[in-house]
Amino acid sequence: MATTPSLANANTADMANAIRALAMDAVQQANSGHPGAPMGMADIAVALWGQHLKHNPANPHWADRDRFVLSNGHGSMLIYALLHLTGYALPIGELKNFRQLHSKTAGHPEVGVTPGVETTTGPLGQGITNAVGMALAEKLLAKEFNRPGHTVVDHHTYAFLGDGCLMEGISHEACALAGAWKLNKLVALYDDNGISIDGQVKPWFIDNTPARFAAYGWNVVGPIDGHDVAAVSKAIAEAKQSTTGPTLVVCKTHIGKGSPNRANTAKAHGEPLGAEEIGLTRAALGWAHAPFEVPAEVYASWDAKAAGASAEAAWNTAFAAYAAAHPALAAEFTRRIRGELPKGFDQLVVDTVVDAHTKKETVASRKASQLALEAFTAALPELLGGSADLTGSNLTNTKATPALRFDMAGEVVLNEQGVGGRHINYGVREFGMAAIMNGVTLHGGFIPYGGTFLTFSDYSRNAIRMAALMKQRVIHVFTHDSIGLGEDGPTHQSVEHAASLRLIPNLDVWRPGDTAETVVAWAVALQNAAKPTALLLSRQNLPYAPKRDLSDIRKGAYVLAEPSDAGLKKKAKAVIIATGSEVQLALKAQEELARRKIPVRVVSMPSTTTFDRQDVKYKKAVLPAGLPRVAVEMGSTDGWWKYGCAAVVGLDTYGESAPAPVLFEHFGFTPKNVADTVQAALKKR
């Protein structure tokens, strides 16, 4: 059964020229954009979207659709033209509104804004890395859910990419992993035009790209003529037959194809062609149509609605048979693709928090994280863990998550219980790990989490930002969160990282202080379906902090101890706010102040980002007006002044290499210094 329109009777030149015309018209009208890539890749797009791509414009979220990623996202008019021409809910008016406020055609493709866009691309290299994550998710879901006679997960992931994506180091991280994982349903089509913003790339990009990808374990097809639709289609067909690994199709193209004076130049890359050049291009292409005008016969050649509906209907029939034969599996697949947590999850959270509160264990919060994960990974088969070569330090592995391995044939290796691995050894590839996790969650069916040291969040940062921008549930486990790391010294000791991560909109940041807070942080991260989370965890052991009430932890901050808990039956005269390992420091300072007959309240604030979303009444209840506030955190002080602090015991310099207790004394993280700081703040009133 056909899943795409047949090009047997179509004029493929006109189909490609429709893309070129829409791209140059939209960029010209916006007076902003990148026409060159869409014009150069138009024929490649005809081959893929016209003959191979399995999709349904009426349902962009159909579970078994092929995924398409425009990694070179600056060429966004390519995907906008394709979505419009094939029948998605993207009318011509939106193309005329290219790059305008509140349009569905933003400067770069944005998931959740434009129907049919699978991921937000623009930061080069991350799109192809997202595609690796999508292909991995497809492979793992197929292994888990397909049964003899019932194949319900069977689709490809396609990515367009250019020289810029290949220059970015993240493409090396991701594509090496794709080869190691033998992701045979991943097909990347490389727009090899030799031009970037600064001109001909030869002086600075001399890689032998085919050899590079062959070394990764990819199949390489080409170079081929990227303007020969039949040749590109044949290459894609060959790639789809691969059983040994992913495929790179090297397509030689001319940027700005059709433009008499701008083709093969940097000027075609990132600026409008200009009215005069557009006129010349129309004449050269034989495109005698007004701006934004596409003939009915060209629309008919592109229209994928009927073929898409037929393909989805066939899958629905197959899935119904699957559900009849394997009802429990079908229900689980549906739940996972929808991103819903199982019905008993809320009670599991309560039980796990109460268990932590009852045991009162003294452990590092990285260990507390692993204890929480033991409960959650056993209950949530969709949790897909990993670490950037620091598993023994990050403690992201559990009994329920054996290591993910592939055999020589590319099949997922099953353990003695017949279960495939759910913990990924990403190697020393923090950025690649973060962007692959974005692709995994965008695909659906898994909730990914991955670990590294907090200081290396700098490597991951742009992918973390992209997850926040895309509103995707991705969980970053960052351990060794302060100078408490000790002897490894300032290269590994986080100082500015907590404050920096808190600045990313829509990223939840948790720095829990004991086992109960860590369980809550994990639970909230899993329940936050529309935002990523960063968990900042200690290397050093942290005693359990007694609590009056467990329910307020999830609000990001709560009253941990009143003066009466330190033996003073007086109203608090000040508030100490602390996070993570410094909660214990705050409690000891409270005791020291009690000996000085100064009553203070201790507030644990494991998540400033969560607390900031609470209503004013709750905020005032936790941080009463009129009481001086002193924050304590082993990191940058800047972010704490917004809470009206009279003083902050923090760290605005880099650390030192020494045992942790020595560093705490050296930098003033002692009960006496905190108590003195509170007392000094009271005297200033």
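The values are calculated or read from the model by the stated rules, or taken from the named source; none is laboratory data. Everything numeric here is computed off the predicted structure, so don't read it as measured data. Because the Cβ atoms are built from the backbone with ideal geometry, glycine has one as well, and the counts that use them run over all protein chains shown. Just the protein is used for accessible areas: all its heavy atoms, side chains included, with ligands, DNA and RNA removed. Shrake-Rupley method; radii C 1.70, N 1.55, O 1.52, S 1.80 Å.
Quick notes on this one:
- List ARG65, ARG147, ordered by accessible area with a 1.4 Å probe, largest first: ARG147, ARG65
- Spacing of the two label points (7 Å from each Cα toward its C-beta) at ARG595 and ALA230, in nm: 9.0 nm
- Taking GLU592, GLU138 and ordering them by how much accessible surface each has at a 1.4 Å probe, largest first, produces GLU592, GLU138.
- Residues whose amide H comes within less than 5 Å of that of GLY427, counting only those at least five positions distant or on another chain, are ASP389 (H built at 1.01 Å from N in the peptide plane).
- Eligible aspartates and glutamates near LYS620 by straight Cα distance, threshold 20 Å, same-chain separation 8 or greater: ASP549, ASP552, GLU562, ASP612
- Structural descriptor for the chain: relative contact order 12 percent, calculated from alpha carbon pairs under 8 angstrom and at least 6 residues apart.
- Shape category assigned to segment 458-508 from the gyration tensor of Cα positions, a/c cut at 1.5: prolate
- Taking all protein chains into account, the per residue accessible area for segment 207-280 stands at 43 Å² (1.4 Å probe).
- Modelled label positions at ASP351 and ARG405, each set 7 Å beyond Cα in the direction of Cβ, lie 3.2 nm from each other.
- Area of GLU656 that stays accessible when all protein chains are in place (1.4 Å probe, Å², to 10): 90 Å²
- Under Karplus coefficients 6.51, -1.76 and 1.60, residue-wise ³J(HN,Hα) of segment 127-133 in Hz, glycine/proline x: x, 5, 5, 4, 4, 4, x
- Distance (nanometres) between label positions extended 7 Å along Cα→Cβ at ASN462 and GLU340: 3.8 nm
- When nucleic acids and ligands are ignored and a 1.4 Å probe is applied, ASP458 ends up with an accessible area of around 90 Å².
- Within segment 236-262: backbone nitrogen closer than 16 Å to the ALA283 label point (7 Å, Cα to C-beta): 258-262
- Cα centroid separation, segment 167-185 to segment 405-429 (Å): 16 Å
- Net charge of neighbours whose Cβ lies under 13 Å from the Cβ of SER538, counting Lys and Arg as +1 and Asp and Glu as -1: -1
- A simple charge model with +1 on the Cβ of Lys and Arg, -1 on the Cβ of Asp and Glu and nothing else charged puts the dipole of the chain at about 2480 debye relative to its Cα centre.
- Look at the dipole of the chain built from charges on Cβ: of ALA26, THR609, CYS251, the Cα furthest out on the positive end belongs to THR609.
- Charge-dipole axis of the chain as Lys and Arg at +1 and Asp and Glu at -1 on Cβ define it, positive-most pick from LEU341, GLY445, ILE278: LEU341
- Highest average packing first - 190-201, 519-530, Cβ atoms within 10 Å: 519-530, 190-201
- Taking a point 7 Å out from the Cα of ASP615 in the direction of its Cβ, none of the residues of segment 548-592 has a backbone N less than 12 Å from it.
- Helix-only [θ]222 nm of the chain, DSSP H runs n ≥ 4, -39500 (n - 2.57) each, per residue, nearest 500: -12500 deg cm²/dmol
- Averaged over residues, the count of other Cβ atoms within 10 Å places the peptides 54-60, 317-323 in the sequence 54-60, 317-323, highest first.
- Between the amide H of VAL69 and those of TYR158, ALA159, PHE160, distances stay under 5 Å, these residues lying 5 or more places away or on another chain, with hydrogens modeled in the peptide plane.
- Contact order normalised by residue count of segment 533-676, Cα under 8 Å, 6+ apart, percent: 24 percent
- For segment 587-677, size of Cβ-based charge dipole, Lys and Arg +1, Asp and Glu -1, in debye: 600 debye
- What the Cβ-Cβ distance of SER393 and ASP638 gives, at R0 = 30 Å and to the nearest 0.05, is a FRET efficiency of 0.60.
- Segment 248-402, dipole about Cα centre (Lys/Arg Cβ +1, Asp/Glu Cβ -1), debye to the nearest 20: 340 debye
- The heavy atoms of HIS84 present about 20 square angstrom of accessible area, all protein chains included, probe 1.4 Å.
- Distance violations [Cα-Cα > 32 Å] among LYS367/LYS555; LYS202/LYS305; LYS202/LYS531; LYS547/LYS597; LYS104/LYS531: LYS202/LYS305; LYS202/LYS531
- The slack between MET167 and ASN506, meaning 0.36 nm per residue of separation minus the straight C-alpha distance, is 119.1 nm.
- Surface accessible to a 1.4 Å probe, per residue, for the residues of segment 64-184, Å²: 26 Å²
- Alpha-carbon centroid distance for the pair segment 496-572 / segment 247-317, whole angstrom: 52 Å
- Average accessible surface for segment 317-428: 48 Å² per residue, computed with a 1.4 Å probe over protein heavy atoms with every protein chain in place.
- Gyration tensor verdict on segment 548-685 (Cα atoms; rounded if a/c is under 1.5, prolate if a/b is larger than b/c, oblate otherwise): oblate
- Under 5 Å between amide hydrogens, built in the peptide plane, is the criterion, and for VAL509 it picks out ALA534, THR609, THR610 among residues at least 5 positions away or on other chains.
- Within the straight-line cut-off of under 17 Å between alpha carbons, the aspartates and glutamates reachable from LYS471 are GLU110, GLU118, GLU340, ASP508, sequence neighbours fewer than 8 places apart in one chain being disregarded.
- Within straight-line cross-link reach of LYS684, aspartates and glutamates at Cα separation under 18 Å, skipping those fewer than 8 residues along the same chain: ASP676
- Protein-only accessible surface order, largest first, of TYR299, TYR80, TYR216 at 1.4 Å: TYR299, TYR216, TYR80
- Using the Cβ-Cβ distance between ALA296 and ALA681 with R0 = 60 Å, the FRET efficiency computed as 1/(1 + (r/R0)^6) comes to roughly 0.20.
- The chain, accessible surface, carbon-and-sulfur percent (1.4 angstrom probe): 53 percent
- For segment 553-629: rounded, prolate or oblate by the Cα gyration tensor [a/c cutoff 1.5]: oblate
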